[in-house]
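Asks: I am attaching a structure below and will ask some questions about it afterwards.
The values are calculated or read from the model by the stated rules, or taken from the named source; none is laboratory data. Predicted, not measured: the structure shown is a model, and the values here were computed from it. As a convention, Cβ positions derive from the backbone with ideal geometry for all residues, glycine included, and neighbour counts pool all protein chains shown.
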Amino acid sequence: MISFDSDKRILVTGGAGFIGGALIRKILIESPKSKVFNLDKLGYASDFITNNYLLNHPEFSKNYKFFNINLKNLDQVENVIKLSDPDIIFHLAAESHVDRSIENPEVFIESNILGTFNLLNASLKYWLNLSSRRKSDFKFLHVSTDEVFGSLGKEDPKFNESTPYDPKSPYSASKACSDHLVKAWHHTYGFPSLITNCSNNFGPRQFPEKLIPLVIQKAIYGEKIPMYGDGSNIRDWLYINDHIDALLMVIQKGSIGQTYCIGGYGENTNLNVIKSICQILNIHKPCDKGLLYEDLIFKVPDRIGHDFRYAINSEKITNELGWKPKYKFLDALEITTKWYLDNLDWCKKIADKSGYRGERLGI
């Protein structure tokens, strides 16, 4: 169990998203003395169901407050920070879908760059006015992605904290810029920040357009399962519970000004991931008439500028902080698949609210 030693006031940006929501639930359950404040604009991929549950559940509502705010509004951001009076800020709010960034990069510039800039300015102003004791204890954790490092060849060494930035999409470029802003605020103003760069997350409650939930839903409804190109692109998959444990460990034990790479040691081709899901479904929900889910896989034209491989070397966070993933990829994939099978209504409500109709691939 990971918990804080004393009462903490914690502000999470993007707390209605997949990772932010998991982080908030973990804190509320395991640190019942802490107060959690969620700043989220409630975009298309937000989990309004879980947010409403936390707001109305008597066990959590007393320690949870939600602010429906967009980070582009500096005055409102400053007001939320004043009201929440945080000891810790976890910054997870971001637009995060590569295909959407190719179609409409402006939204990614606004959310990921301008939003981070506003949050840093407001947080710095707040931090400078804290008492000496609270000022020395305050921490700001910026959660980023391995995509800022670009693309790897099949035999290239994994990304680590020293890998040069080389973003390839509007999404990864916007995240790279936000990383640099956080580093600049630390080095210029002494702002007590940390950065994490994680690999591809997966698990229960992920928005239905992402690869793993998309494949699960397409399969169980008997629809064709789309796959970019020949499916040879490689991702390092990190189970959501392992990622949340890493974030909490970084905020408690990490060194100010440092970056920590978080990977799941779950490298797999997209084809292998899709086939693995199909094999799990063949066991837990067999197709009618003896068919196999693998028969539904079909190739679609590859994404523009599709990065070939991502992989993270997590030695620093393991050696310095003692974190390592607890879940093996296939075990976590089975847990995830079974959750979606049991929660199809959640998927439908989330998709209906967002207007999503399965038109994009979340790879």
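Asks: Restricting region 129-170 to residues that are more than 25 Å from residue 248 (Cβ to Cβ) and charged (D, E, K, R), which is surrounded by the most Cβ atoms within 10 Å (Cβ to Cβ)?
Replies: 168
Asks: Being touching a His at 6+ places or on another chain (Cβ under 9 Å) and aliphatic (A, V, I, L, M) is the filter; apply it to region 178-187 and report the residue that is surrounded by the most Cβ atoms within 10 Å (Cβ to Cβ).
Replies: 182
Asks: Collect the residues in region 311-333 that are among the aromatic types (Phe, Trp, Tyr) and closer than 15 Å to residue 280 by Cα, keeping them in residue-number order.
Replies: Result: 329, single match.
Asks: Quick one: would you say residue 269 is free of Cβ contacts under 8 Å to residues at least 40 places away in the same chain and under 30 Å from residue 89 (Cβ atoms)?
Replies: Spelling it out, it is not the case that residue 269 is free of Cβ contacts under 8 Å to residues at least 40 places away in the same chain and under 30 Å from residue 89 (Cβ atoms).
Asks: Anything in region 188-211 that is surrounded by fewer than 24 Cβ atoms within 10 Å (Cβ to Cβ), at pLDDT 95 or above and outside any strand (DSSP E or B)? List them, or say none.
Replies: The answer is 188, 189, 190, 191, 192, 204, 205.
Asks: Still on this structure, I have one more. In region 330-353, which residues are at pLDDT 95 or above and of a type in the set (Val, Ile, Thr)?
Replies: 335, 336, 337, listed by residue number.
Asks: Go through region 43-58 and count every residue that is in contact (Cβ under 8 Å) with a residue 24 or more places away in the chain, assigned to a helix (DSSP H, G or I) and surrounded by fewer than 18 Cβ atoms within 10 Å (Cβ to Cβ). Before the answer, list the steps.
Replies: Applying the first criterion (in contact (Cβ under 8 Å) with a residue 24 or more places away in the chain) to region 43-58 yields 43-51, 54.
From what's left, assigned to a helix (DSSP H, G or I): 48-51, 54.
Checking the rest, the ones that are also surrounded by fewer than 18 Cβ atoms within 10 Å (Cβ to Cβ) come to 48-49.
Going through region 43-58 one residue at a time, the tally reaches 2.
Asks: Where residues in region 15-42 are in a loop (DSSP other than H, G, I, E, B) and among the polar types (S, T, N, Q), which of them is farthest from residue 244 (Cα to Cα)?
Replies: Step by step, filter region 15-42, then rank; the result is 34.
Asks: For region 295-327: of the residues being basic (Lys, Arg) and in contact (Cβ under 8 Å) with a residue 24 or more places away in the chain, which is farthest from residue 194 (Cα to Cα)? Break it down into steps so the answer makes sense when it comes.
Replies: First pass over region 295-327, keeping only residues basic (Lys, Arg): 299, 303, 309, 316, 324, 326.
Then keep just the ones that are in contact (Cβ under 8 Å) with a residue 24 or more places away in the chain; that gives 299, 303, 309, 316, 326.
Values: 299: 40, 303: 32, 309: 26, 316: 14, 326: 23 Å.
Residue satisfying both the conditions and the ranking: 299.
Asks: Could I ask something else about it? Does region 16-27 contain any residue that is charged (D, E, K, R), modelled with pLDDT under 95 and out of contact with any strand residue (DSSP E or B) (no Cβ under 9 Å at 6 or more places or on another chain)?
Replies: No.
Asks: From (1) surrounded by 20 or more Cβ atoms within 10 Å (Cβ to Cβ); (2) in contact with an Asp or Glu (Cβ under 6 Å, 6 or more places away or on another chain), pick out the condition that doesn't hold for residue 11.
Replies: Result: residue 11 passes all but (2).
Asks: If a residue must be of a type outside the set (S, T, N, Q), in a helix (DSSP H, G or I) and surrounded by fewer than 23 Cβ atoms within 10 Å (Cβ to Cβ), how many such residues does region 215-227 contain?
Replies: 2
Asks: I would also like to ask the following. Of all residues in region 156-187 being among the small types (Gly, Ala, Ser) and part of a loop (DSSP other than H, G, I, E, B), which is nearest to residue 317 (Cα to Cα)?
Replies: By that ranking, first place goes to 162.
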